[in-house]
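Scroll down for the structure; my scribbles are underneath it.
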Amino acid sequence: MDAWVWIAIIVAAIVIVAAVALIAKQQQTKRLRERFGPEYSRTVKEYGGEQRAAPILAAREKRVAALNIHPLAQADATRFADRWRSVQAQFVDDPSGAIAQADQLVSEVMQARGYPVGDFEQRAADVSVDHPRVVQNYRAAHDIALRRGRGEASTEDLRQAMVYYRNLFNDLLETEQPAAQESQPAEVRR
């Protein structure tokens, strides 16, 4: 064979490999964007681009997949929901105390579901995998709770934090489905 034919074959192979790599990267980006929603955009902004954010988000997925995250038993969900109603009622007389209780209760629900509850940033990263639409609420509520501890949060800030905690709490309160409902698509069950 002529040298030009070999060069053409090599160039074609390189172009094909590059095209496949580009398509794979685009598919991963699309998958991560769909999975993480607003958390994807936040992570891209925080890490300075998609190339830096993608491996971080993929690592989060891998970490959470290795954890034993599970729905709550119905009795646990009921117990937590009762406690949440008590925390909300406490807000009227003691907004600051209610925020501290809400933060603690959310951590307890996370732990009951199987999430590790050590460092806040790690908790938020873990929660972002399965609850990306409310993790920003969790971060905002936690920030307000920290400001509350320094005496820098207004009553309106505390009210907003309760709303944020409630959104995450409701999302986390997912329960085991009875066997009859498990065969239904997720859209029907929710």
Next on the checklist: Tally up the residues in the range 98-137 that are surrounded by 20 or more Cβ atoms within 10 Å (Cβ to Cβ), of a type in the set (Gly, Ala, Ser), within 22 Å of residue 87 (Cβ to Cβ) and under 14 Å from the mean Cα position of the chain (by Cα), please.
Outcome noted: 0
Item to check | residue 157 being touching a residue at least 24 places away in the same chain (Cβ under 8 Å), part of a helix (DSSP H, G or I), acidic (Asp, Glu) and in contact with a helix residue (DSSP H, G or I) (Cβ under 9 Å, 6 or more places away or on another chain) | outcome: no
Checklist outcome for this item: So the helices (runs of 4 or more DSSP H) completely within the range 1-110 holding 3 or more residues that are touching a residue at least 24 places away in the same chain (Cβ under 8 Å) and more than 30 Å from residue 159 (Cα to Cα) are 3-36, 50-66
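Values quoted throughout were computed directly from the atomic coordinates according to the rules given, and no laboratory measurement underlies them. Here the structure is a predicted model, which is why all the values come from computation and not from measurement. Cβ sites come from the backbone with ideal geometry, for glycine too, and all protein chains shown count toward neighbours.
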